[in-house]
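These notes concern the structure reproduced below.
No lab work stands behind these numbers, since they all come straight from the coordinates. Owing to the predicted nature of the structure, the values given are computational and were not obtained by experimental measurement. Cβ coordinates were reconstructed from backbone atoms using ideal geometry, including for glycine residues, and neighbour counts include every protein chain displayed.
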Amino acid sequence: MSDDVLSKYAAEELLALQNAAVAIANNDLKIAWYNKSFKNYFGAGRIKGISITNLFSISETNILSNTKSKRPFVHPLTDSNSNVIITPIFKKTKKNPLIGYSIELVQLRQSETGLNVDLKLVEQNIAFLNELEKLFVILVKENSLEHISEQIISKCVEITKSNFGLIVYQDEGEKYEFQFHNTNKFIKDEKEAEKAIQPDFSFINKWLLLNKKSLLALNHQNNIGFNLTEILNCESLIISPCFFEDQLLATIMVGKSKGTYSAFDINIVEQLSALLSFAISNIRTRELNTALESHLLQAQKLETIGKLSSGMAHDFSNLLSSIFGSLNLLRKKIPETDDTKRLIDNIESCSIRARDLTKGLLSYGKSTPKRKELVKPNLLANEISKVVTQTFPGTIKYIEHVDENLHNILGNSTEVYQVLLNLCVNAKEATGGEGTITLSANNISIDKKNIINHPLLTVGNYVLFTVKDDGSGIEEKDLQKIFDPYFSTKEKETVSGLGLYVSYGIIKAHKGMIEVTSKLGTGTQFDVYIPAFEPQKEKQPSSPDKIILLADDEEMLSDLLAELLEANDYNVIKVSSGKEALRVLTEEIKVDLLIIDYNMPEMNGLETIENIRKLNLDVPVILSSGITDFSTDEIMDKYEINNCVQKPYVFETMLETIQTVI
């Protein structure tokens with residue numbers, strides 16, 4: 001039918017020489033013809049056969065609704081300050097059938113927008129600069145990241161006239177923290193929204209890390225951020241990354257229920273994102289410097305005390321040896337009466353207690369060599385849990401969160417057991433016999449990215465034990481003293497004060513670290529890091545690099561997937577159509593896997609696979625689609641498809657699928 005349109009309206013003769021950017025589309029919305037001005041607007045790349053819904057990010061529903069009413073459809077292109085006008089063309093017969101669409105790009109000139117628009121932009125910029133100045137003042141004075149973030153996200157919402165705002169903080173291991181600005185309750189259930197956002201946000205995160213720019217997500221089927229707009233019930237969404245020295249610290253999102261955003265709006269959010277990234281880094285650096293200074297002072301103090309106590313302990317040991325020897329002689333020489341026996345027994349029991357305390361001082365100051373063995377933390381945690389559940393009162397609620405397959409550690413199991421049990425006993429006493437104690441254990445990796453948060457540890461794998469209680473907490477002034485010998489917040493008559501002091505020495509001897517955080521009236525948490533045992537692994541011969549042919553006409557998604565695959569040591573050949581895929585395969589290039597998108601121009605994914613099979617090539621195929629699920633036995637068998645992946649796909653899922661196929 002497009003040929004009818006071209007001949008009927010003499011498009012090539014009448015429109016080719018016009019300065020206006022003009023094109024004609026078939027009644028299935030695909031570009032059939034365009035003039036030079038239209039081509040210049042889009043630059044290099046194929047246009048013919050591309051759907052105008054993809055070309056301009058327009059909903060097909062909006063076009064078709066205007067088609068029924070036989071009216072032109074106007075869609076603003078904010079990035080280029082122009083409008084696209086799509087006019088349905090009908091054949092002049094009784095039934096008036098639709099035979100195509102005319103498309104015209106109209107640049108908004110100064111005379112059309114008027115001087116008022118320029119004045120308005122100037123006013124907006126001045127207002128924004130005033131707000132920016134206020135935010136800088138807050139940034140200098142304020143130490144609370146939550147307060148600064150709230151100020152920034154509220155300005156984003158206010159200036160862009162959005163319905164809501166959201167900050168997603170990036171944590172280690174793709175853990176996210178959410179901060180909503182939702183004063184009008186546009187998002188009904190924030191907790192449910194968080195759960196729904198997380199799976200899609202991993203893919204968006206990878207896009208942001210790769211492109212390092214903002215993403216304008218629209219509620220269109222083929223748009224990258226389509227799922228997020230659906231979840232948040234909005235028509236458009238600005239997703240702006242907060243980078244600081246190439247590290248993604250957070251992401252700002254603002255959304256509108258109706259309409260889209262201008263280039264000015266996106267620019268404002270990007271500037272405020274840069275400000276937030278600076279604020280996060282600045283506050284974290286302040287906190288880290290304070291914590292590091294505290295750790296170093298504590299380490300120096302304890303090292304000095306350890307050296308002094310070690311020397312004292314040796315002297316005490318010599319004195320105690322004399323006392324025990326003398327007691328032995330006294331028992332033999334003095335007639336045994338009730339009074340003398342009671343006195344000698346008392347001297348002996350006090351001496352035994354002094355000997356135990358001296359052993360603690362020796363093990364801290366300079367621990368004697370002890371046999372190291374392979375310790376399995378899962379078994380250790382189970383033993384602690386048994387003791388706690390059997391001996392602690394029923395009024396204490398005990399919770400255990402221990403990951404499976406914890407790394408093995410090399411050390412003394414008795415000593416590590418002693419430390420963990422001591423922490424649990426302290427937690428019991430802090431709760432007053434009524435409260436909750438949580439023991440958790442998990443693997444943690446310290447690398448160049450997160451070592452700034454653990455400056456006293458070295459790069460490598462660790463097992464992290466955490467004992468947490470909801471007891472009375474520790475006053476801030478006492479936090480720096482709790483590892484000192486003989487310091488205790490308990491009754492002096494009931495404790496020696498060497499528990500945490502000795503625990504610190506044991507963990508130090510295991511080349512680990514113990515940290516404490518506490519808030520008065522809320523509770524206390526002890527984190528114990530112990531290095532994982534990692535035996536030397538023999539180097540396995542590497543398998544030859546695999547070549548993957550990726551056929552997808554969506555350039556942005558194709559580039560992203562190719563980049564991610566190449567980062568995992570795959571070689572990638574990118575093509576944008578089925579015909580190009582066939583040409584590559586007939587040029588004697590041996591390909592190990594084909595990833596083919598269904599929705600491609602001229603020849604769809606299934607037609608492409610059908611033609612490939614005619615070449616008698618025994619190569620595995622993964623079919624991707626964002627519209628239809630083709631994973632039925634009938635289609636899989638007919639076209640010899642090895643697997644199907646639905647868009648938008650999570651990269652880890654795609655990688656797992658690839659690994660199962662080749």
What pairs from LYS195/LYS449; LYS188/LYS448; LYS68/LYS258 go past 29 Å between their alpha carbons?
-> LYS188/LYS448
If you put +1 on each Lys and Arg Cβ and -1 on each Asp and Glu Cβ, how big is the dipole of the stretch 115-286 around its Cα centre, in Debye rounded to 20?
-> 160
Taking square-rooted eigenvalues a ≥ b ≥ c of the alpha carbon gyration tensor, is the stretch 173-251 rounded, prolate or oblate, where a/c under 1.5 means rounded and, failing that, a/b exceeding b/c means prolate?
-> oblate
ASP633 and ALA274 label points (each 7 Å along its Cα→Cβ direction) are spaced in nm at 5.9
Among LEU218, LEU145, LEU228 - extreme Cα towards positive end, dipole of the stretch 115-286, charges at beta-carbon | LEU218
Which one of ILE595, LEU615, GLY578 has its Cα pushed farthest toward the positive end of the charge dipole of the stretch 547-661, where Lys and Arg give +1 and Asp and Glu give -1 at the Cβ?
-> LEU615
Net lengthening on full extension, ILE352/LYS175 (0.36 nm per residue, minus Cα-Cα) | 58.6 nm
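Please give the FRET efficiency for SER385 paired with ASP545, using the beta carbon to beta carbon distance and R0 = 41 Å, rounded to the nearest 0.05. Numbers along the way, then the final one.
Numbers: r = 47 Å, r/R0 = 1.16.
Plugging the Cβ-Cβ distance into 1/(1 + (r/R0)^6) gives 0.30.
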Here the averaged projected area of the stretch 373-531, based on the convex hull of its alpha-carbon atoms and given in nm², is 9.3
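Would you mind calculating the gained length between ASN62 and GLU640 on full extension (0.36 nm times residue separation, minus the Cα-Cα distance), in nm to one decimal? Write down the numbers at each step before the final one.
Details: separation 578, 0.36 × 578 = 208.08 nm, distance 3.76 nm.
Length gained between ASN62 and GLU640: 204.3 nm.
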Provide the FRET efficiency to the nearest 0.05 for the LYS574-THR93 pair, computing r from the beta carbons and using R0 = 51 Å.
-> 0.70
Compute the length gained on full extension between ASP338 and ASN443: take 0.36 nm times their separation in residues and subtract their Cα-Cα distance, giving the result in nm to one decimal.
-> 32.0 nm
Excluding ASP545 itself, what net charge comes from residues whose Cβ is under 13 Å from its Cβ, given Lys and Arg +1 and Asp and Glu -1?
-> -1
Please give, to one decimal in nm, the separation of the simple spin-label points placed at LYS48 and VAL74, each 7 Å out from Cα toward the Cβ.
-> 3.2
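Tell me whether the stretch 547-661 comes out rounded, prolate or oblate; compute the Cα gyration tensor, take square roots of the eigenvalues as a ≥ b ≥ c, and use a/c under 1.5 as the rounded threshold.
Working: a/c = 1.29, a/b = 1.09, b/c = 1.19.
Since a/c stays below 1.5, the shape of the stretch 547-661 is classed as rounded.
Calculate the FRET efficiency for HIS147 and ASN40 from the Cβ-Cβ distance with a Förster distance of 35 Å, rounded to the nearest 0.05.
Numbers: r = 50 Å, r/R0 = 1.42.
Here the calculated transfer efficiency is 0.10.
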Hey, any idea what the orientation-averaged projected area of the convex hull of the stretch 127-264's Cα atoms comes to, in nm²?
-> 8.8
